[in-house]
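Engineer: Sharing a structure below in structure tokens format, with a few things to ask.
Only the coordinates and a few stated rules stand behind these numbers; no lab work does. All values reported here derive from a predicted model rather than from experimental measurement. Using ideal geometry, Cβ is built from the backbone for each residue, glycine included, and neighbour counts are taken over all protein chains shown.
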């Protein structure tokens, strides 16, 4: 139990630290972007004053033309001149995109936009509209011939800086995700190797004594051929040994590709429920479905029965010797869903996934491998799903197994 609580706490703290890093990055970057935006605002004001100092009111602007035509406007001729300080300020602007619009609404100058839009007036109209939509306002320059508008927007560096936290967050998330996936895969692979080794060794260790017990049973039968009571006892003893053989066979199949065959799911449930019913307290009622119309599923009979037995044993443990265990089957065109419900103590919603972790158990005895092995059998060998569908404290739990139809 403690190991899972520590793991959950570690995940929570790692999440909090990650969120803290992202928030700090957002705050710092936004502060830096704000300062850069203020600097660009000041530079735009300087550009405004540079345009004003050119004294355009002394020049005849009645013949202003668009840059789409070959002849330069008088404004353009002056702006192209680098003999004055103002022109140096204007020509020194290589980062802030700006558009100069005269009082007649004609766009005369644009700077620091992609060259491919040099002849596209509609593009610059759309840029002005975008500035307006973003809450921007033009800097007004009052020349002798009218009032000009100097539109400007954020430089490419400022825009990239504003997006940097999102890019940083994405890279950090991708790095954490890949790391988590890699470590989880390595951990699962290691667990699988341990499980397979334990299962194979258990099957091997069981094989020798089982064979010896079978031999002794046959020997005792031969010695007491006329004793009906002894023969009956030895017969029941042989059934228990057969059960041990089945358990050893199940363990031997862990780690290898099991042989799947078409089986009627009703027959399997009926067989397992009857077996567990004979070994359960009398105050426990078993209810399970019966049907004349079979539902065929590709399963390994021995392994699938093992899964159902694990679920029924857990249900018995949760009910303290009294209650009802119910099995039901639902189907659609592709899948079959087997539901195993009980009237026991229930499972906390926070433990719905944890119960399938290896080593998790609420019992004083046991290794906590039953549901973990059940999950492996259903999902790895049968391409299905097993999960806790619902649970209410002191009312019971419903486990669900989904398998594809044959």
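Engineer: Give me 397, 137, 202 ranked fewest to most by other Cβ atoms within 10 Å of their Cβ, as a rough exposure proxy.
Structural biologist: Listed from fewest to most nearby Cβ atoms, that is 137, 202, 397.
Engineer: Let me ask something else. With each label point set 7 Å from Cα along the Cα-Cβ vector, what nm distance links residue 188 and residue 222?
Structural biologist: 5.2 nm
Engineer: Return 219, 302, 224 ranked ascending by Cβ neighbour count within 10 Å, so the fewest neighbours appear first.
Structural biologist: 219, 224, 302
Engineer: Based on the Cβ-Cβ distance from residue 164 to residue 349, what FRET efficiency comes out when R0 is 56 Å, to the nearest 0.05?
Structural biologist: Once the sixth-power term is evaluated, E becomes 0.90.
Engineer: Say a paramagnetic label sat at a point 7 Å from the Cα of residue 237, along Cα to Cβ; which residues of the range 189-224 have their backbone N under 18 Å from it?
Structural biologist: Output list for this probe position: 208-224.
Engineer: Separate question: Once label points are set 7 Å from the Cα along Cα→Cβ at both residue 339 and residue 174, what is their separation, rounded to one decimal in nm?
Structural biologist: According to this spin-label approximation, the distance is 4.4 nm.
Engineer: To continue, here is another question. Going by how many other Cβ atoms sit within 10 Å of their own, how do 216, 13 line up, fewest first?
Structural biologist: 13, 216
Engineer: Here's a follow-up. Based on the Cβ-Cβ distance of residue 389 and residue 122, what FRET efficiency does E = 1/(1 + (r/R0)^6) give at R0 = 56 Å, to the nearest 0.05?
Structural biologist: E(calc), rounded to 0.05, equals 0.40.
Engineer: Write down the Å³ per residue value for the convex hull defined by the alpha carbon atoms of the range 160-253.
Structural biologist: 81 Å³
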